[in-house]
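A.B. asks: Questions regarding the structure given below will be posed in turn.
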C-alpha cells in the first residue's frame with residue numbers, strides 16, 4: 001500500500017459538501033460543493049478552497065492551521081514573562097519565524113464519522129517554545145451550514161504559555177480573483193513593511209484601496225494585511241465573502257478571532273487563483289509585540305471556531 005506524504009486522508013461528506021483533511025498538520029486539503037444534483041446526476045464538483053495533491057506538501061500554507069502563533073515573528077525573537085526566546089527562522093527570506101510549529105506535524109485520529117473528524121496533537125517543548133500544549137482540531141460538515149472547524153488548546157504544563165492560532169484557507173469561486181468582489185466589514189487594517197512586519201498601529205480603511213466594506217472589485221489590488229474592528233452578526237460572527245463568475249463562497253469566524261488576514265496570493269504557485277482569508281486570534285508579530293497574545297495558564301483551555309459555506 002502506497003502512503004501519501006501528507007499522511008492519512010480523511011474524507012468527509014454531508015449533503016452537497018465534500019472535504020478532505022490530512023494527517024499532516026490537520027490541514028484542510030479540499031472543500032467542494034456538488035452542484036446541480038451532484039456528480040451522479042451530471043452535475044459538477046466545485047472547489048470552495050484551493051487544493052493540492054495528497055502526495056504534495058501544502059504549498060503557500062494551503063489550508064494550514066497556524067499554532068501556537070499565526071503569521072510572522074520578527075527575526076523569531078520574543079520575550080515572555082521576562083525571558084528571551086529564539087524561534088527557528090522558518091521564513092529565511094524575510095528573517096522571520098512564520099505560522100507556528102504544527103503545520104507539518106502528524107496529528108492523531110481521535111474520532112471519525114462520515115461527516116466529521118477530530119484530530120489531536122501533543123505539542124511538546126522546544127528551545128524556542130519551551131511550553132506544552134494539547135491541541136485538537138474538529139472538522140464538521142453540514143448539508144446546510146457547510147464546514148465548521150473547532151480548535152482547542154489545553155495547557156497541561158506547569159507554567160503559563162503564550163498562545164495564538166489562525167488558519168490559512170484560500171477561497172475560490174473558480175475564476176481569478178481579479179474578476180471577483182470581496183466583502184469584509186472591517187474598519188482598520190495593519191500596515192506592514194517590506195518584510196511583512198507591522199510598521200505601525202492599525203489604520204482606518206476609509207479612503208484606501210484596503211476598504212472592503214462595500215464589496216469592491218479586487219481588480220489589481222495587492223493586499224497582504226491583517227484587518228481588525230470586525231463587524232459581526234447577531235451570532236457574533238464576522239463574514240468574508242468572495243464573489244465572481246456567478247458564484248460566492250463565505251468564511252465566518254467567531255469572537256475568539258478579532259483579526260482577519262486578507263492575502264491576494266500574489267506569491268502563491270498559481271498567483272491570484274484564490275484569496276487567502278485567515279481568521280486569527282492575534283495580529284502579525286504578536287509574540288514580539290505582546291498584542292493579543294493569550295496567556296494560557298496551567299489547566300486552562302482556549303477555544304475558537306470558524307467555517308466556510310457556499311454563498
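A.B. asks: Out of the stretch 161-194, which residues are assigned to a loop (DSSP other than H, G, I, E, B) and in contact with a strand residue (DSSP E or B) (Cβ under 7 Å, 6 or more places away or on another chain)?
C.D. replies: Across the stretch 161-194, the qualifying residues are 164, 165, 169, 172, 173, 174, 175, 180, 185, 190, 191.
A.B. asks: Here's a follow-up. With respect to residue 258, determine if the residue is under 16 Å from residue 282 (Cα atoms), at pLDDT 95 or above and either touching a strand residue (DSSP E or B) at 6+ places or on another chain (Cβ under 6 Å) or surrounded by 14 or more Cβ atoms within 10 Å (Cβ to Cβ) (or both).
C.D. replies: Criteria met by residue 258.
A.B. asks: Something else now. For residue 268, are the conditions met, namely being surrounded by 21 or more Cβ atoms within 10 Å (Cβ to Cβ) and either more than 17 Å from residue 236 (Cβ to Cβ) or free of Cβ contacts under 8 Å to residues at least 40 places away in the same chain (or both)?
C.D. replies: No; evaluated as a whole, the condition is false for this residue.
A.B. asks: For the stretch 255-275, how many residues meet the condition of being part of a strand (DSSP E or B) and in contact with a helix residue (DSSP H, G or I) (Cβ under 7 Å, 6 or more places away or on another chain)?
C.D. replies: So the answer is 1.
A.B. asks: Just one of (1) in contact with a helix residue (DSSP H, G or I) (Cβ under 6 Å, 6 or more places away or on another chain); (2) crowded, with 21+ Cβ neighbours inside 10 Å; (3) farther than 22 Å from residue 119 by Cα trips up residue 74, so point out which.
C.D. replies: (2)
A.B. asks: Let me ask you something else. Filtering the stretch 232-254 down to residues that are outside any strand (DSSP E or B) and in contact with a strand residue (DSSP E or B) (Cβ under 8 Å, 6 or more places away or on another chain), which residue is surrounded by the fewest Cβ atoms within 10 Å (Cβ to Cβ)?
C.D. replies: 233
A.B. asks: Return the pairs, sorted by first residue and then second, in which the second residue is assigned to a helix (DSSP H, G or I) and crowded, with 23+ Cβ neighbours inside 10 Å, the first residue lies in the stretch 282-296 and is touching a residue at least 40 places away in the same chain (Cβ under 8 Å), the beta carbons are less than 7 Å apart, and the residues are 6+ apart or on different chains.
C.D. replies: Listed pairs, sorted by first residue: 292/286; 293/286; 293/287.
A.B. asks: State the number of residues belonging to the stretch 46-69 that are buried (at least 18 other Cβ atoms within 10 Å of the Cβ) and either modelled with pLDDT under 95 or in a loop (DSSP other than H, G, I, E, B) (or both).
C.D. replies: The number of residues fulfilling the criteria is 9.
A.B. asks: Looking at the stretch 211-231, which of its residues are closer than 20 Å to residue 278 by Cβ, in contact (Cβ under 8 Å) with a residue 40 or more places away in the chain and in a loop (DSSP other than H, G, I, E, B)?
C.D. replies: Matches in the stretch 211-231: 212, 218, 221, 222, 223, 231.
A.B. asks: Okay, next question. Could you check the stretch 151-174 and list, in sequence order, the residues that are surrounded by fewer than 22 Cβ atoms within 10 Å (Cβ to Cβ) and closer than 30 Å to residue 33 by Cβ?
C.D. replies: Across the stretch 151-174, the qualifying residues are 152, 174.
A.B. asks: Answer yes if at least one residue in the stretch 78-87 is in contact with a helix residue (DSSP H, G or I) (Cβ under 7 Å, 6 or more places away or on another chain) and surrounded by fewer than 21 Cβ atoms within 10 Å (Cβ to Cβ), and no otherwise.
C.D. replies: Scanning the stretch 78-87 turns up no residue that is in contact with a helix residue (DSSP H, G or I) (Cβ under 7 Å, 6 or more places away or on another chain) and surrounded by fewer than 21 Cβ atoms within 10 Å (Cβ to Cβ).
A.B. asks: Next up: Suppose we keep only residues that are out of contact with any helix residue (DSSP H, G or I) (no Cβ under 9 Å at 6 or more places or on another chain) and part of a strand (DSSP E or B) within the stretch 279-303. Which one would you say is nearest to residue 167 (Cα to Cα)?
C.D. replies: Of everything passing the filter in the stretch 279-303, 279 is nearest to residue 167 (Cα to Cα).
A.B. asks: While we're here: Taking the conditions exactly as written (surrounded by fewer than 18 Cβ atoms within 10 Å (Cβ to Cβ), in contact with a strand residue (DSSP E or B) (Cβ under 7 Å, 6 or more places away or on another chain) and within 22 Å of residue 164 (Cα to Cα)), does residue 202 satisfy them or not?
C.D. replies: Taking the combined requirement at face value, the residue does not satisfy it.
The values are calculated or read from the model by the stated rules, or taken from the named source; none is laboratory data. In this text, all values refer to a predicted model and were calculated from it rather than measured experimentally. With ideal geometry, Cβ positions are generated from the backbone for all residues, glycine too; neighbour counts draw on all protein chains shown.
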